[in-house]
Amino acid sequence: MTNIEDLRQRARRRLPRTIFDFVDGGSQDELSLHANRTDFQKLAFLPRVLTDVSVRDQSTTVLGETLSSPLIIAPTGLAGVLRRDGEALEARAAANAGIAYCLSMMSACSIEQVARATSRPFWFQVYLLRDRGINVHLIERARAVGCRVLVLTVDTKAQGPRERDIRNGFTVPPRVTIRNAFDFAHRFGWLADVALGPRITFGNLAGSLVGSDDIISVARFAAEQYDPSINWSDLEWCKSIWHGPVAVKGVLTTEDARLAIEHGADAVIVSNHGGRQLDGSPSAVSMLPMIAEMCAGRAEVILDGGIRRGSDVLKALALGARACMAGRPFLYGLAAHGEAGVTRAIEILRAEIDVDLALLGRGGARQLDASALGWM
C-alpha cells in the first residue's frame, strides 16, 4: 500500500459495490466531487533551492490543540458498515498518530464507545434537528466524555441526490435486487466482520432517544428531523450551550464566512461536503484563498475536500488553511485493513508531506504561503 489509491483499490475489492459506492460517490453528475480533485491538480509548486531542510516540522495547532501533522479525520456517517467498530478504530489510529479525529453524529459507534477506545479527546459533529432537545442531549454527552470541538454542519438542509446509492438500492428502506444480493454474498471478509457481527445502527440516536434500535427506523426518523429553517441565530445557540470552540462546516463563500465569524464561529471549514450535496458547487480548494483572507486574524480556517496526497495538504496550507480534514482516504484504509489501514493512510500522507516539504525547500508546514504556488 504505497499511496491512498492503493488503499482505495483494496477497499473496492473487499467491499460490496453498494457499500463502496456509498463511500466513493457524490451527488448527481459528481461534478463537485471531481472538481475537488482536479482543482488541486491545477496548482503547481514553486520550489526554493539551497535552503536548509535537514530538520522538517509538519506540526501545527488547531483551536488550541497541537497536532503532529495538519490532518483531521473528517466526520463520516456509518463508518461501521466498512469495519466493525469502524469509528472507534479510526479514533484510536488518529490518537496514536497525534492527529485530530471528528466523530459524526450519524456514526455507528456511540460517543461513549469511541471515548472508551481512545485516550485523546476528539471532536463531535452535529446537524441541527427540529427537536433541539435531541441536540442538547447529544451535546451534553459529547461534553461529558471530554470532546474538545463542536462541528456544526450547515450544508445539509436536504440530502443531495446520490445516484449511485439510488441505483444500488442503498436507500431507506433498502431495495434488494438479485445483483446486489449476489454481490454481498461474495464478499466473505466483509460478511464475517460486519454483516454477521452485531447489528449496525446509528449509535448516537438509537434506543430511548428515538424509540428504536432498528437502523431503518432511526434513519427515517433522522431524515424527518433535518431542519430546513436553521439560520445564523442557531449558530449562536450552539455556541451558548457548548461553551467551547465551535467550527462551522460547509462554508463556500466569503459572505458566509463573515457571517459565521460574526455569529460566534471559532473556525470555518471550507467544504462542499465531499461533493455529496449540491452538485455544481465549486471545489473547496478553489474558494479557500478568498475565505482565508476574509478570516485572517478572526477565525481559523480548515480545508475539507479532495485530499488524496500530502501535496494536497501543503497546497491548502499555502492558500491559508491551518489544517485539512479528509474523510475518504481514512475510510479506504479502514475498509482495506481496519485500524492498521487507517494508520497506514496517516503514514502515507505524513511521509508525502515530509518529502514534499524537503523538495519545496521549506523546513516546516507553518512556513508555507502563496509564494510556494503557481499554476500548471
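The values are calculated or read from the model by the stated rules, or taken from the named source; none is laboratory data. Computed from a predicted structure; not experimentally measured. Cβ placement follows ideal geometry from the backbone for every residue including glycine, while neighbour counts extend to all protein chains displayed.
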Long-range neighbours under 7 Å by Cβ, at least six apart or interchain, first residue on the phi > 0 side of the Ramachandran plot within region 114-137, second crowded, with 21+ Cβ neighbours inside 10 Å and β-branched (Val, Ile, Thr) = none
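Of the residues ASP21, ASP6, only one is in a helix (DSSP H, G or I), more than 24 Å from VAL210 (Cβ to Cβ) and free of Cβ contacts under 8 Å to residues at least 24 places away in the same chain; which?
Sole residue among the options that is in a helix (DSSP H, G or I), more than 24 Å from VAL210 (Cβ to Cβ) and free of Cβ contacts under 8 Å to residues at least 24 places away in the same chain: ASP6.
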Which is charged (D, E, K, R), more than 27 Å from LEU7 (Cβ to Cβ) and modelled with pLDDT under 95, of ARG298, ARG366?
-> ARG366
Of residues in region 200-226 being under 24 Å from the mean Cα position of the chain (by Cα) and exposed (fewer than 15 other Cβ atoms within 10 Å of the Cβ), the one farthest from PRO173 (Cα to Cα) | GLU224
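Considering only residues that are part of a helix (DSSP H, G or I) and among the polar types (S, T, N, Q), which ones fall in region 267-289? Can you show your working first?
Filtering region 267-289 for residues part of a helix (DSSP H, G or I) gives 273-275, 284-289.
Correct list: SER286 only.
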Determine whether region 314-331 contains at least one residue that is touching a residue at least 60 places away in the same chain (Cβ under 8 Å), in contact with a Gly (Cβ under 8 Å, 6 or more places away or on another chain), under 21 Å from ASN272 (Cβ atoms) and not aliphatic (A, V, I, L, M).
-> yes
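Say we look at region 78-102 and pick out the residues that are in a loop (DSSP other than H, G, I, E, B) and of a type outside the set (D, E, K, R); which of these is nearest to VAL246 (Cα to Cα)? Lay out the reasoning, then the answer.
Taking region 78-102 and keeping what is in a loop (DSSP other than H, G, I, E, B), we get 78, 82-85, 98-99.
Filter once more, so that each one left must be of a type outside the set (D, E, K, R): 78, 82, 98-99.
Values: LEU78: 23, LEU82: 29, GLY98: 21, ILE99: 18 Å.
Here the residue is ILE99.
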Do you know which of the residues in region 103-117 that are under 18 Å from the mean Cα position of the chain (by Cα) and of a type outside the set (Gly, Ala, Ser) is nearest to PRO245 (Cα to Cα)?
-> LEU103
If you go through region 282-292 one residue at a time, how many are surrounded by fewer than 23 Cβ atoms within 10 Å (Cβ to Cβ) and touching a helix residue (DSSP H, G or I) at 6+ places or on another chain (Cβ under 6 Å)?
-> 2
Matching residues in region 211-236 (of a type outside the set (Asp, Glu) and free of Cβ contacts under 8 Å to residues at least 24 places away in the same chain) number 8
Looking only at region 181-199, count how many residues are surrounded by 15 or more Cβ atoms within 10 Å (Cβ to Cβ) and touching a residue at least 40 places away in the same chain (Cβ under 8 Å).
-> 6
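Could you say which residue among PRO75, PRO47 is in a loop (DSSP other than H, G, I, E, B), surrounded by fewer than 20 Cβ atoms within 10 Å (Cβ to Cβ) and touching a Leu at 6+ places or on another chain (Cβ under 7 Å)? Let's see the steps before the verdict.
On the way: PRO75 fails: surrounded by fewer than 20 Cβ atoms within 10 Å (Cβ to Cβ).
One residue alone meets the criteria, PRO47.
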Restricted to region 242-263 and to residues being in contact with a helix residue (DSSP H, G or I) (Cβ under 6 Å, 6 or more places away or on another chain) and part of a loop (DSSP other than H, G, I, E, B), the residue surrounded by the fewest Cβ atoms within 10 Å (Cβ to Cβ) is HIS263
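Just the residues that are closer than 20 Å to ASP39 by Cα and not in a loop (DSSP other than H, G, I, E, B), please, taken from region 361-376.
First, pick out the residues of region 361-376 that are closer than 20 Å to ASP39 by Cα: 368-376.
Once the filter is applied, which keeps residues that are closer than 20 Å to ASP39 by Cα and not in a loop (DSSP other than H, G, I, E, B), region 361-376 yields ALA370, SER371, ALA372, LEU373, GLY374, TRP375.
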